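Below is one structure; the comments refer to it alone.
The values are calculated or read from the model by the stated rules, or taken from the named source; none is laboratory data. This structure is a prediction, so every number in the text was calculated from the model and none was measured. Note that each Cβ is placed from the backbone with ideal geometry, even for glycine, and that neighbours are counted across all protein chains shown. Quick note on the areas: whole protein, heavy atoms, side chains included, nothing else; ligands and nucleic acids left out. Shrake-Rupley method; radii C 1.70, N 1.55, O 1.52, S 1.80 Å.
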Amino acid sequence: ERSRRTDAARAARRALAASLADAGRHTLIAFSARDCALCAAMQPTLAGVAEKEAAWLDVVSVDADDGGAWAPETLHYDIQAVPSYILLDDKGRAVAGARGRPADAGAAAAAVDFMVAAARGANKRYR
């Protein structure tokens, strides 16, 4: 179990680094936890966003409880509850965020959809 979590954390780090290195792409960081039912309920929504917006957006899921592996990011983005979402622009700057525990999966999905739509609207190439 621990080895699988470590491998998953390494893969997520590589995905985040690759996304940030790819000029012209935005990144949605989804902070979650293994024991969070709401986080699990959001996985299909995040997969749909990743598929629909693949031309310009990378979605990276990270386990905020993964033994401190993501401590710098959780501190930097002030993540205090999961699920939380941070949208980075094509220069790696945080331009939107939904932090704190939403009421339900519908509210979380609405927040993600709003952030993505706003970023798409600001990016003339993907309107």
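Computed quantities for the displayed model
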{"read-out": "Subset of region 47-57 that is open to solvent by 40 Å² or more (accessible area, probe 1.4 Å) and outside any helix (DSSP H, G or I) - its residue that is farthest from residue 99 (Cα to Cα)", "value": "55"}
{"read-out": "Candidate set: region 109-127, residues that are at pLDDT 90 or above and among the small types (Gly, Ala, Ser); chosen: the one surrounded by the fewest Cβ atoms within 10 Å (Cβ to Cβ)", "value": "117"}
{"read-out": "Residue pairs meeting the criteria (Cβ under 9 Å; at least 6 apart or on separate chains; first aromatic (Phe, Trp, Tyr), in region 47-66; second at pLDDT below 90)", "value": "56/24; 56/25; 56/90; 56/119; 56/120; 56/123; 56/125; 56/126"}
{"read-out": "Tally, over region 1-46, of residues that are modelled with pLDDT under 90, in a helix (DSSP H, G or I) and either among the polar types (S, T, N, Q) or open to solvent by less than 50 Å² (accessible area, probe 1.4 Å) (or both)", "value": "8"}
{"read-out": "All positions within region 36-71 that are among the polar types (S, T, N, Q) and within 11 Å of the chain's Cα centre (by Cα)", "value": "43, 61"}
{"read-out": "Subset tally (residues that are open to solvent by 40 Å² or more (accessible area, probe 1.4 Å), assigned to a loop (DSSP other than H, G, I, E, B) and aliphatic (A, V, I, L, M)) for region 58-108", "value": "1"}
